[in-house]
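These notes are about the structure you will find just below.
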Amino acid sequence: MSEPSLRAKELDAADGLAPLRSRFVLDPGTVYLDGNSLGALPAHVPDRVADVVRRQWGELRIRSWEESGWWAAPERIGDRIAPLVGAAPGQIVVGDSTSVNVFKALVAAVRMAGEHRDELLVDATTFPTDGYLAESAARLTGRTLRAVTPQEVPAALGRRTAAVLLNHVDYRTGRLHDLPGLTAASHAAGALAVWDLCHSAGALPVGLDEHGVDLAVGCTYKYLNGGPGAPAYLYVRRALQPRFDSPLPGWNSHAEPFGMAPSYTPAPGAARGRVGTPDILSMLALEAALEVWDGVSLAAVRAKSLALTDFFLECVTAYTEPGRLTSVTPGPHGQRGSQVALRCADAADVMKRLIARGVVGDHRAPDVLRFGFTPLYVSFADVERAARVLGEVVADRDGPAGGAATAEPARAG
Ligand SMILES: *Cc1c(COP(=O)(O)O)cnc(C)c1O
């Protein structure tokens, strides 16, 4: 047995989160490293969804809005997500997609920032949808949009800045950005900080309340395992809620939704972030999925996540000829999320062959292989196998004399 596979055995034996793995539907022939795109299915969810469909919908029908708690689900499930992102209850509402929530948050932030602040900053390296929506939000509110890297944000902030939209973890490189520092810098300039937590929630502690984040959004189908198209969430810091002026003031966010008033009066609290009728089937699948977090320590999740990514980088170094792959994920733990991104010539083809051999990650154009490490169900044996197969696939493709790969070896540090 190779040295890395012995290490994997030791690490798995010492892993306090290992028992959680059995709560997910996993296929023993596959190493699933794409939980940063679509989390695996918690095993109890299908029966719960069947109950929602057959009994709550099929038998109770309209009564379920009250009796099955459908109406209050957006706030109730928001409170279930709250501890996972470091928020006290009453500040998160679940619903709509992340894209829609980015729009709500940005327009509301601009409205709160005041007329004289005429500029919006957006992460230039962002997942595209955030950038598209920021551009539309800026155009709609008559602000100028400036795209800057998170590192450039402190210098770009000023008296003109209304709000800054940043990603906690970069979807491509896996870089963890400085949420406490950049939030404080935004506040020092009098701007609002809006964070996208898609690639951090469920993988590491976020600390929204602790760090004074103003608004945040995130999806629930990645590390939160809520299922394909599961609804996203919107956090509005309690102190800002009375001033949160939604650009999408649907009837579900009305103070008296069943008053059917011709004019709009916003509901107090997190419900102000609602729009229309919630997508109950997806939402209740998410609610069931969130049960796997009961009693799970986020500190333990973070520790395992870092151990997994460290070990993957170590194994890639051990199993891959130098020069084939370059890690674009930062080495320092303080700058790393829960994924490893490797630059690789012909990444699309390499990933196709990895998947054919049972190692599922994904690739992002033009040349990045992405591997997401979900601490709840990825084992160290998975990591060792993925790195071993990757080494074989890459060697096979180029042959010993191949010249297409990049200059630097993958590094664990
Ligand atoms: C996954 C992801 C999204 C997804 O947005 P949808 O509206 O759910 O399609 C948005 N932003 C970031 C940063 C993401 O990683």
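The values are calculated or read from the model by the stated rules, or taken from the named source; none is laboratory data. The model shown is predicted, which means the values in this text are computed figures rather than measured ones. A quick note on method: Cβ atoms are made from the backbone with ideal geometry, for glycine too, and the neighbour counts reach across all protein chains shown. Accessible surface areas use protein heavy atoms only, side chains included; no ligands, DNA or RNA. Shrake-Rupley method; radii C 1.70, N 1.55, O 1.52, S 1.80 Å.
Give A300, A341 a once-over and let me know the one that is open to solvent by 20 Å² or more (accessible area, probe 1.4 Å), farther than 30 Å from V53 by Cα, modelled with pLDDT of 95 or more and in contact with a Gly (Cβ under 7 Å, 6 or more places away or on another chain). None of the others qualify; the one that does is A300.
Applying a threshold of 8 Å to beta carbon distances and a minimum spacing of six or more residues, or different chains, the list of pairs starting in segment 250-267 at a residue that is in the same structural domain as G95 (by TED's automatic domain parsing) and more than 14 Å from A72 (Cα to Cα) and ending at one that is surrounded by fewer than 18 Cβ atoms within 10 Å (Cβ to Cβ) and hydrophobic (A, V, I, L, M, F, W, C) reads T265/A255; P266/A255. Just one of the listed residues (V148, V164) is in the same structural domain as L208 (by TED's automatic domain parsing), crowded, with 22+ Cβ neighbours inside 10 Å, over 16 Å from L248 (Cα atoms) and in contact with a Leu (Cβ under 7 Å, 6 or more places away or on another chain), namely V164. E66 meets the conditions (1) touching a residue at least 40 places away in the same chain (Cβ under 8 Å); (2) in a helix (DSSP H, G or I); (3) of a type in the set (D, E, K, R) in every case but one. The failed one is (1).
Within segment 253-269, restricting attention to residues that are over 21 Å from A87 (Cβ atoms) and not in a loop (DSSP other than H, G, I, E, B), which residue is nearest to the chain's Cα centre (by Cα)? Show your work before the answer.
To start, the set of residues in segment 253-269 that are over 21 Å from A87 (Cβ atoms) comprises 254-265.
Going one step further and asking which of them are not in a loop (DSSP other than H, G, I, E, B), we end up with 254, 257-259.
Working: H254: 29, P257: 31, F258: 34, G259: 37 Å.
For segment 253-269, the residue satisfying everything is H254.
Of all the residues in segment 40-71, those that are open to solvent by less than 80 Å² (accessible area, probe 1.4 Å), under 26 Å from the mean Cα position of the chain (by Cα) and not β-branched (V, I, T) number 8. Of the residues contained in segment 114-137, none is found to be touching a Leu at 6+ places or on another chain (Cβ under 8 Å), on the phi > 0 side of the Ramachandran plot and away from the ligand (no atom under 16 Å from the Cβ). Residues of segment 198-222 that are of a type outside the set (V, I, T), outside any loop (DSSP other than H, G, I, E, B) and either open to solvent by 10 Å² or more (accessible area, probe 1.4 Å) or touching a helix residue (DSSP H, G or I) at 6+ places or on another chain (Cβ under 6 Å) (or both): L215 alone. Residue by residue through segment 80-113, note down the ones that are over 14 Å from R272 (Cβ atoms) and within 16 Å of the ligand (Cβ to nearest atom). Passing the criteria: I81, V85, S97, T98, S99, V100, V102, F103, L106. Within segment 223-248, if we keep just the residues that are open to solvent by 20 Å² or more (accessible area, probe 1.4 Å) and in a loop (DSSP other than H, G, I, E, B), the residue that is nearest to the ligand (Cβ to nearest atom) turns out to be G229.
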